[in-house]
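Novice: Sharing a structure below in C-alpha cells format, with a few things to ask.
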Amino acid sequence: MPAADWNAVAGTAWPFLRHEFLLALEESGSACAASGWQPCHLLLREAGALVGAVPLYLKSNSFGEFVFDWAWADAYRRAGLRYFPKLVAGVPFTPATSPRFLHAPGADPVRVRRALVGAAMELARESGASSLHVLFPPEDEVAALEGEGLLRRKDCQFHWHNQGYATFDDFLGTFTAEKRKKAKRERRRVAEAGIRFRHLTGRDIDAGLLARIMPLYASSFWRRGREPYLNEDFFRRLCATLPDSLLVILALQGDEPVATAICYRGADALYGRYWGSSADYHSLHFETCYYQGIEYCIEQGISLFEPGTQGEHKISRGFVPTATWSAHWLSHPQFFAAIDQYLDRERAHIDRYIAEVNEHVPYRRSDD
C-alpha cells in the first residue's frame, strides 16, 4: 500500500492513523497475528483511485484495545460459542479518538462509510468472526454507525482543554486555593529531588538514548506482569519516519534518566501514551505525565491534551471527564439483543458518573 495513497485519505491531524505509524506497528512485529492483531485493512477504490479505507484487524484476544469486552467473550464461552476471532476497526494500543472510516478529499463521506461498513460486516461473516467493533470513533461517526445497525457504547476519559492560558501559572490561577496549593507542592517536591526535564522529539533520540529510555517505558508493564505492547524497533522506526509526531518527556536526576512519558503530537492535540520510572519518587508521575504535558501544550498553543485511559487522579490536576465512544455489531442475534440492553444500562451509569465527577474538578466556580 503506497504511503501517499493511504495518507491522502487518513489526513495529517492524527499521527497514529498515518501509514508510517501503522507500518511501524506491523514491521516491528508489535501488531501482528502472534500478538493478536492480524492486519486486514479495508480499501475502497473507484476507477483505480483510493477513496476510502479502514484500519482493520482480525483479533484473537482483547488485549491492547481499552474497550473492555472480556465479559462478552466469557458469556460466549459459557454458551458454547466462539467469540474470537473478531474484527476491530481502530489503532492497536492507542485509545485515542479519531475517524475510523476514512475518505479521500472530495469523496462523499456518507457513501464511503456505508460501503466500508457493509464490506466489514461481509468480511466478518466470511472470516468466521463473531463481531465487528469500532473503537474510539468521534461522536458524529458513532451516531452514523448506529444508523448502520451497530450498537453505541459510551465510556469516559479525562482530557485537558487549553483555555488560552499564557503560562502554567495562569492555568493554576483557575483552581481553587486548596487545589492550586496542592499542585504547586507536587511540582516543588519533584524539583527538590533534583529532577529536571527534557522534551525530545524523534529527531533528538539516537539509538543509545532510545536504549536508555526503553527500560523505563517497559517498567510499568513488567510491574503488571505483562510484556510491553510496543518494542524498541517500533520506536526506532517512528523516530525515523514520524520524528515530529513523537514527544518523549524525559526526567533526569543528574545525567541519569529516571522516568519518561511517551506522547504523540497531532495537529492540535497531545496524546499521552506510556509512563515508566526506575524508582518511586514522590509526585514524579503527576509531574512527568500531566504537568509537563500541560506546560508543553500551553507553550506550543495546543488545544487538547488526552493523557490516556482511566485514572481518577487526573481530575485534581485539571483534567475533566469526557465521553468516549465505540460501536459494535454481533452476528449472533440473541447476543446482539442482550448486549443492546446491557449498553442502555451502561450508558445511563456513565452519564451519572460524568455528572458526579464534574462536581470534583479543581476549577473555581463562578459563584466562588
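Novice: Determine, yes or no, whether Asp233 is among the charged types (D, E, K, R), out of contact with any Asp or Glu (no Cβ under 7 Å at 6 or more places or on another chain) and modelled with pLDDT under 95. Steps first, answer last, please.
Specialist: Numbers: among the charged types (D, E, K, R): yes; out of contact with any Asp or Glu (no Cβ under 7 Å at 6 or more places or on another chain): yes; modelled with pLDDT under 95: no.
For Asp233, the condition - among the charged types (D, E, K, R), out of contact with any Asp or Glu (no Cβ under 7 Å at 6 or more places or on another chain) and modelled with pLDDT under 95 - is not met.
Novice: Related question: Taking the stated definitions as given, is Tyr281 outside the structural domain of Arg82 (by TED's automatic domain parsing), within 30 Å of Thr241 (Cα to Cα) and not in a helix (DSSP H, G or I)? Please lay out each step first, then the result.
Specialist: On the way: outside the structural domain of Arg82 (by TED's automatic domain parsing): yes; within 30 Å of Thr241 (Cα to Cα): no; not in a helix (DSSP H, G or I): yes.
Judged against the criteria, Tyr281 is not a match.
Novice: Which ones in the range 54-72 are crowded, with 17+ Cβ neighbours inside 10 Å and among the hydrophobic types (A, V, I, L, M, F, W, C)?
Specialist: Filtering the range 54-72 down to residues crowded, with 17+ Cβ neighbours inside 10 Å leaves 54-59, 62, 64-67, 69, 72.
Matches in the range 54-72: Val54, Leu56, Leu58, Phe66, Val67, Trp72.
Novice: Quick check on Arg365: is it among the basic types (Lys, Arg) and part of a loop (DSSP other than H, G, I, E, B)?
Specialist: On the way: among the basic types (Lys, Arg): yes; part of a loop (DSSP other than H, G, I, E, B): yes.
Yes.
Novice: Also, I was wondering about something else. Among the numbered conditions (1) surrounded by fewer than 19 Cβ atoms within 10 Å (Cβ to Cβ); (2) in contact with an Asp or Glu (Cβ under 8 Å, 6 or more places away or on another chain); (3) not aromatic (Phe, Trp, Tyr), tell me where Glu256 comes up short.
Specialist: With respect to (1) surrounded by fewer than 19 Cβ atoms within 10 Å (Cβ to Cβ); (2) in contact with an Asp or Glu (Cβ under 8 Å, 6 or more places away or on another chain); (3) not aromatic (Phe, Trp, Tyr), Glu256 is out only on (2).
Novice: Could I ask something else about it? From the set of residues in the range 64-113 that are charged (D, E, K, R) and in contact with a Lys or Arg (Cβ under 8 Å, 6 or more places away or on another chain), which is farthest from Ser30 (Cα to Cα)?
Specialist: Quick first cut of the range 64-113, residues charged (D, E, K, R) only: 65, 69, 74, 77-78, 82, 86, 100, 108, 111, 113.
With in contact with a Lys or Arg (Cβ under 8 Å, 6 or more places away or on another chain) added as a condition, the list becomes 65, 86.
Working: Glu65: 14, Lys86: 19 Å.
Of everything passing the filter in the range 64-113, Lys86 is farthest from Ser30 (Cα to Cα).
Novice: Residues that are within 21 Å of Ser131 (Cα to Cα), of a type outside the set (A, V, I, L, M, F, W, C) and outside the structural domain of Ser245 (by TED's automatic domain parsing): which strands (runs of 3 or more DSSP E) entirely in the range 1-112 hold 2 or more of them?
Specialist: Numbers: elements: 37-39, 42-46, 49-54, 56-59, 86-89.
Ranges flagged: 37-39, 56-59.
Novice: Criterion first (over 17 Å from the mean Cα position of the chain (by Cα), aromatic (Phe, Trp, Tyr), buried (at least 21 other Cβ atoms within 10 Å of the Cβ) and under 25 Å from Arg347 (Cβ atoms)) does Tyr76 satisfy it? Steps first, answer last, please.
Specialist: Details: over 17 Å from the mean Cα position of the chain (by Cα): yes; aromatic (Phe, Trp, Tyr): yes; buried (at least 21 other Cβ atoms within 10 Å of the Cβ): no; under 25 Å from Arg347 (Cβ atoms): yes.
It is false that Tyr76 is over 17 Å from the mean Cα position of the chain (by Cα), aromatic (Phe, Trp, Tyr), buried (at least 21 other Cβ atoms within 10 Å of the Cβ) and under 25 Å from Arg347 (Cβ atoms).
Novice: Just for the range 23-45: of the residues that are in contact (Cβ under 8 Å) with a residue 60 or more places away in the chain and under 17 Å from His103 (Cα atoms), which one is surrounded by the most Cβ atoms within 10 Å (Cβ to Cβ)?
Specialist: Leu44
Novice: Within the range 267-288, which residues are closer than 21 Å to Lys179 by Cβ and surrounded by 23 or more Cβ atoms within 10 Å (Cβ to Cβ)?
Specialist: Initially, the range 267-288 is screened for residues closer than 21 Å to Lys179 by Cβ, giving 272, 282-288.
Gly272, Glu287, Thr288, listed by residue number.
Novice: Name every residue in the range 139-165 that is out of contact with any strand residue (DSSP E or B) (no Cβ under 9 Å at 6 or more places or on another chain) and part of a loop (DSSP other than H, G, I, E, B), in order of residue number.
Specialist: Gln163, Gly164, Tyr165
Novice: May I pose another question? Looking only at the range 117-138, which residues are assigned to a helix (DSSP H, G or I) and surrounded by 13 or more Cβ atoms within 10 Å (Cβ to Cβ)? Reasoning before the result, please.
Specialist: The first filter runs over the range 117-138 and keeps only residues assigned to a helix (DSSP H, G or I), leaving 117-127.
Selection gives Val117, Ala119, Ala120, Met121, Leu123, Ala124, Ser127.
Novice: Looking only at the range 237-253, count how many residues are assigned to a helix (DSSP H, G or I) and either surrounded by fewer than 18 Cβ atoms within 10 Å (Cβ to Cβ) or in contact (Cβ under 8 Å) with a residue 40 or more places away in the chain (or both). Can you show your working first?
Specialist: Our first condition is that a residue be assigned to a helix (DSSP H, G or I); within the range 237-253, this holds for 237-241, 243-245.
Still in the running and either surrounded by fewer than 18 Cβ atoms within 10 Å (Cβ to Cβ) or in contact (Cβ under 8 Å) with a residue 40 or more places away in the chain (or both): 237-238, 240-241, 243-245.
Number of matching residues: 7.
Novice: The conditions are (1) surrounded by 19 or more Cβ atoms within 10 Å (Cβ to Cβ); (2) out of contact with any His (no Cβ under 7 Å at 6 or more places or on another chain); (3) not in a helix (DSSP H, G or I), and Arg226 fails exactly one of them. Which is it?
Specialist: All conditions are met except number (1).
The values are calculated or read from the model by the stated rules, or taken from the named source; none is laboratory data. Bear in mind the structure is a predicted one, so any value in this text is a computation, not a measurement. Here Cβ is always computed from backbone atoms with ideal geometry, including for glycine, and neighbour counts include all displayed protein chains.
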